[in-house]
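All remarks here apply to the structure that follows.
The values are calculated or read from the model by the stated rules, or taken from the named source; none is laboratory data. None of the values given here were measured: they were computed from a predicted structure. Methodologically, a virtual Cβ is constructed for each residue, glycine included, from the backbone with ideal geometry; neighbour enumeration extends over all protein chains shown.
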Amino acid sequence: MHISSNCHIVAFKVNSNLEYDSIYTHQYTYDSLCPHPIVSDTIDPTCQQLVNVEEPLTSPETHQMKIFPNPTSGKLTIILPKYLLVNDNTPPVKSTTIYHQWKSTTLYVYDLNGNQVFQKEIPKDQTQLELDVTSWAKGMYLIKLNYNKTEVDGKKVIVN
């Protein structure tokens with residue numbers, strides 16, 4: 001089987017007659033996700049619940065680490081992503097998987113020579129990490145967040 005690089009796969013919900021299922025095209029009001037009702041296809045920033053499944057794709061900040069201050073010579077703060085986004089570009093089918101739940105990730109830090117200078121397993125419920133970099137040599141470092149042996153995010157930081 002050969003799949004063209006211009007091929008797009010789209011999934012639709014259909015009924016038993018293989019017709020488009022229009023039963024669920026209206027918005028729903030959810031009353032169990034937050035302390036107050038919210039309408040589907042919206043994002044409620046006050047309760048941090050995902051209601052629109054496209055949120056991780058349309059809001060890149062939800063699946064990217066935030067690292068500051070950069071450059072630094074003291075402590076480095078790493079805010080971990082809300083979702084994990086894994087791109088698989090293996091032919092013939094490219095895919096993107098968004099993880100909303102996971103057990104843990106692993107944070108690696110490498111110097112520019114490829115030497116690992118730090119590693120830590122981070123549980124899912126941890127949202128922030130502080131690293132003391134005062135003993136690190138001056139230079140640029142690569143910070144990589146891995147899930148299931150796959151890099152899900154990477155950033156550069158300068159220690160001065």
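Exactly one residue out of L80, L129, L85 is in contact with a Pro (Cβ under 8 Å, 6 or more places away or on another chain), at pLDDT below 95 and surrounded by 12 or more Cβ atoms within 10 Å (Cβ to Cβ): that is L85. Taken over the range 69-95, the criterion of being without any contact (Cβ under 8 Å) to a residue 40 or more places away in the chain and within 20 Å of K144 (Cβ to Cβ) is satisfied by P69, K82, Y83, N87, D88, N89, T90. Within the range 96-113, can one find any residue that is without any contact (Cβ under 8 Å) to a residue 12 or more places away in the chain and more than 15 Å from L142 (Cα to Cα)? No; the residues of the range 96-113 include none that is without any contact (Cβ under 8 Å) to a residue 12 or more places away in the chain and more than 15 Å from L142 (Cα to Cα). The residue that is modelled with the lowest pLDDT, counting only those in the range 141-160 that are buried (at least 16 other Cβ atoms within 10 Å of the Cβ) and of a type in the set (S, T, Y), is Y147. K138 - would you say it is within 15 Å of K156 (Cβ to Cβ), modelled with pLDDT of 85 or more, of a type in the set (K, R) and surrounded by fewer than 13 Cβ atoms within 10 Å (Cβ to Cβ)? Yes.
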